[in-house]
Amino acid sequence: RAKANGRNNYAFYTQSLTLASVEHLKLQSALHDAISKDAFYLVYQPKLALGTGQCVGFEALLRWEDPQLGLISPAVFIPVAENIGLINEIGLWVLKQAAAQGASWLAEGKTFGRISVNVAGPQLQQKQFFTQVKQVLDETGLPPEYLELEVTESCMMSDPLAVIEVLKQLGELGVELSVDDFGTGYSSLNYLKRLPIHKLKIDQSFIRDIPRDGNNTAIAKAVIALGHALNLCIIAEGVETPQQAAFLEAAGCDQAQGYLYSKPRVVDELDEFLG
Ligand code: C2E
Ligand code: MG
Ligand code: MG
Ligand code: MG
């Protein structure tokens, strides 16, 4: 009986593995056609200055709705896109789309602060990344000062010198650079010191349950102090409650982003945040 059960469990396990890999293959092949099939769109989440409550910018977040597979989270498909070598193409699509949106808000006389775009590690490793960004800005007419790029600490894992160089060039062009999910990656303080960045985004895992969670509260305070000592702007991600916002404001955090203010929204629903 035990053996039979064991066999059944085994059968069940292999079957679900197979299903998982079939799903994965479907995901991969659908992803290949997503751009040409118009299956991607961007949503935007406002970032606010703590204290004044003024909107200081929007983060562009990619959405993928496949006719068969439905809405798939970027947390799922971005790593797949990286694995199958599609991230550069997708990342460039996002950049063009977001820059064009910023340029059209400017043309309509709407103020939006900065528009920020997530950049994956492999994109930064491309020799032509700087030229690509510059070309997108030229073509869309968005001045570099209106663009922010969010990179993660893990982008420094291979060829940090090349990454530092490309970030330097982008910074000199006037693009704002921030480190996303700060504290969750592998980078050392040595990298932080050398990275030509302007801003740290405290990862939402450290914002959860502050000020009740003593460890997270200590970490959030320490990151704010560290960042300010390095002359960096600090933004908290994943702010969901007034208690979190009040604590962060009192701790000197500069900006916040999260469901407390707004979920990411499609362009048509952003009017209340556009000046
Ligand atoms: P991220 O860049 O750290 O973006 C923040 C994520 O937190 C977003 O999830 C956002 O919807 C979510 N979020 C915002 N406020 C709250 C909150 O108050 N509570 C909670 N629980 N979540 C909140 P999303 O849009 O699902 O994106 C997940 C991740 O996928 C992003 O994390 C980013 O790493 C990646 N991603 C999204 N779009 C792109 C893209 O265009 N390019 C690249 N390379 N990565 C992207
Ligand atoms: Mg981000
Ligand atoms: Mg983040
Ligand atoms: Mg994240």
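Figures for the structure shown
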read-out	value
Under 16 Å from the THR184 label point (7 Å along Cα→beta-carbon), backbone N, the stretch 197-231	200-210, 216, 220
Net charge of neighbours whose Cβ lies under 14 Å from the Cβ of GLU150, counting Lys and Arg as +1 and Asp and Glu as -1	-4
Sum of side-chain charges, THR184 neighbourhood, beta-carbon under 14 Å (Lys, Arg +1; Asp, Glu -1)	-4
Length-normalised contact order of the stretch 142-256 in % [C-alpha pairs under 8 Å, at least 6 apart]	22 percent
Carbon plus sulfur fraction of accessible area for the stretch 28-127, probe 1.4 Å, in percent	50 percent
Using alpha-carbon coordinates, inclination of helix 214-229 to the longest axis of the chain, degrees	40 degrees
Three semi-axes of the equivalent ellipsoid, the chain, Cα gyration tensor, whole Å, largest first	32, 25, 21
ALA49 versus SER104: modelled label distance in nm, points set 7 Å from Cα along the beta carbon direction	2.8 nm
Inter-label distance for ASN83 and ASP33, nm, one decimal - labels placed 7 Å from Cα along Cα-to-Cβ	2.1 nm
Relative contact order (%) - the stretch 18-166, alpha-carbon pairs under 8 angstrom, separation at least six	21 percent
The stretch 157-274 - Kirkwood radius from inverse mean 1/r over Cα pairs (Å)	15.4 Å
Carbon and sulfur %, accessible surface of the stretch 151-217 computed with the full protein complex present, 1.4 Å	48 percent
Rounded tilt (10° steps) of 129-140 against the dominant C-alpha axis of the chain	70 degrees
Within the stretch 103-140, backbone nitrogen closer than 19 Å to the virtual label 7 Å beyond the Cα of SER154 toward Cβ	117-126
Accessible area per residue, Å², the stretch 175-265 with all protein chains present, probe 1.4 Å	47 Å²
Percent RCO, i.e. relative contact order, over the chain, from Cα pairs under 8 Å lying at least 6 residues apart	17 percent
Solvent-accessible area per residue, Å², over the stretch 105-158 with all protein chains present [probe radius 1.4 Å]	44 Å²
Estimated distance in nm for a label pair at ARG194 and TYR259, the labels positioned 7 Å out from Cα along Cα-to-Cβ	4.0 nm
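The values are calculated or read from the model by the stated rules, or taken from the named source; none is laboratory data. As the structure is a prediction and not an experimental result, all values here were calculated from the model. All Cβ positions, even for glycine, are placed from backbone atoms using ideal geometry, and neighbour counts span all protein chains on display. The area values use the complete protein model at the heavy-atom level, side chains included, leaving out ligands, DNA and RNA. Shrake-Rupley method; radii C 1.70, N 1.55, O 1.52, S 1.80 Å.
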